[in-house]
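Each reported figure results from applying straightforward, stated rules to the coordinates on display, with no laboratory input. Keep in mind the model is a prediction, meaning the values are calculated, not measured. Cβ sites come from the backbone with ideal geometry, for glycine too, and all protein chains shown count toward neighbours.
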Amino acid sequence: MTAVGSLPPLESKLPAVGTTIFTVMSQLAQAHGALNLSQGFPDFDGPPELLDRVTFYLRHGANQYAPMMGAPALRAALAEKVAQDYGATVDPDQEVTITSGATEALFCALQAVVRSGDEVVIFDPAYDSYDPAVVMAGGTPVHCPLQAPSFSLDFEALEARLSSRTRAVVINAPHNPTGTVLSEAELLRLGALAEHWGFWIISDEVYEHIIFDGVRHESVLRHPALAARSFMVSSLGKTYHTTGWKIGYCIAPAALTAEFRKIHQYVTFCTHHPTQLAHADFLRAHPEHHQGLPAFYQEKRDRMAALLAPSRFRFTPSAGTYFQLLEYDAISDEPDQALAERLTKEVGVATIPVSVFYAEPPAKQRLLRICFCKDDRTLEQAAERLCAI
Ligand code: PMP
Ligand code: GLN
């Protein structure tokens with residue numbers, strides 16, 4: 001590069017942040033030809049009819065900007081869907097916004113409500129985009145540990161962190177990376193605290209349809225008092241096996257949505273058009289797809305659990321998501337990042353070390369996360385390798 005005179009100082013806005021673990025581990029898996037059970041994405045395609053609808057719209061002129069708030073057909077289809085799933089009445093024009101993945105929706109929701117000096121509670125282990133999104137909004141993340149080994153909400157720990165500075169609390173159920181779910185009682189107890197302290201709820205529900213053993217998903221949208229103070233965020237990528245299309249959405253009351261859209265319009269303006277239209281058609285025509293998802297993924301969870309039963313890993317089968325935690329203290333006392341790297345290189349299976357989901361990882365925790373949204377053959381091969389350790 002040519003010298004161009006003095007440059008301004010480059011002070012990182014996110015000094016503690018590096019490349020995400022998902023990219024690091026997927027690249028490592030590729031470099032070593034390992035089976036990739038790290039980054040969460042299926043190794044199979046979405047429904048053929050859904051793919052055909054994208055081709056149709058590509059060929060029929062849906063190749064210019066979509067409306068800023070999202071294609072009307074998709075917003076209407078989602079409003080109908082949450083009415084059926086959660087009994088929620090939402091106005092597709094004023095309360096539903098289509099985003100470039102749930103990641104963008106989480107970012108916009110936090111930007112919309114968090115100001116300098118505000119605190120936002122995040123439960124650790126936490127999905128890695130929450131903390132930086134709070135920091136970029138000028139807020140202060142306040143980390144609250146979930147209670148290991150069950151990873152349930154610890155209301156005592158939560159209440160100790162709430163104050164008049166608390167602007168929002170981020171919840172995620174079914175939960176990445178632990179695979180736990182929230183009960184209705186827990187959600188309502190959180191709602192009572194939200195009313196008392198006057199904070200917003202950012203509810204990350206991207207795994208809303210990946211929940212097992214007949215348990216129902218407790219969306220904030222089931223409860224009008226909670227919905228009135230919540231941004232419900234979800235992602236079609238998880239439900240339709242289309243993570244690469246990055247179609248997410250946010251459902252929030254009109255006043256919140258108005259502020260949300262002010263941010264969204266200057267982050268991306270709008271989202272990929274043909275895939276929105278294709279999703280709208282498919283959602284309406286095939287509700288059985290998302291209704292069948294719990295059974296589809298429960299079969300994979302159970303298959304993987306049975307395959308790993310003879311291994312030296314210890315685990316409680318996930319209650320939701322397509323992730324499974326594995327405790328490895330009978331195998332090694334290496335820190336999880338070192339073990340994840342070694343397993344990728346030497347055993348040929350890439351996993352995610354759970355410590356990266358913590359602001360302050362617990363010293364003695366020995367956990368890896370694997371992803372089971374994979375073809376049966378991939379699961380069988382991976383389990384064979386993991387059982388040999
Ligand atoms: N939240 C959680 C808990 C996730 O696991 C993910 C993972 N993909 C996201 C949000 C982001 O979803 P999207 O890919 O739609 O941006
Ligand atoms: N949510 C996915 C996971 O937890 C990854 C998404 C991403 O790569 N940013 O693995």
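Tallying residues that are without any contact (Cβ under 8 Å) to a residue 24 or more places away in the chain and more than 11 Å from ligand 2 (Cβ to nearest atom) within the range 20-50 yields 4.
Kindly provide the set of residues from the range 292-323 that are in contact with a His (Cβ under 8 Å, 6 or more places away or on another chain) and assigned to a helix (DSSP H, G or I), ordered by number.
At the first step, the residues of the range 292-323 found to be in contact with a His (Cβ under 8 Å, 6 or more places away or on another chain) are 293-294, 320-321.
Residues satisfying the conditions are Leu293, Pro294.
One residue stands out among those in the range 200-219 that are in a strand (DSSP E or B) and more than 15 Å from the chain's Cα centre (by Cα): the one that is farthest from ligand 2 (Cβ to nearest atom), which is Trp200. Scanning the range 220-271 for residues that are closer than 22 Å to Thr166 by Cβ and in a loop (DSSP other than H, G, I, E, B) yields His223, Ala228, Arg229, Ala252, Pro253. Regarding the range 91-100, can at least one residue be identified that is within 16 Å of ligand 2 (Cβ to nearest atom) and within 23 Å of the chain's Cα centre (by Cα)? Within the range 91-100, one or more residues are within 16 Å of ligand 2 (Cβ to nearest atom) and within 23 Å of the chain's Cα centre (by Cα).
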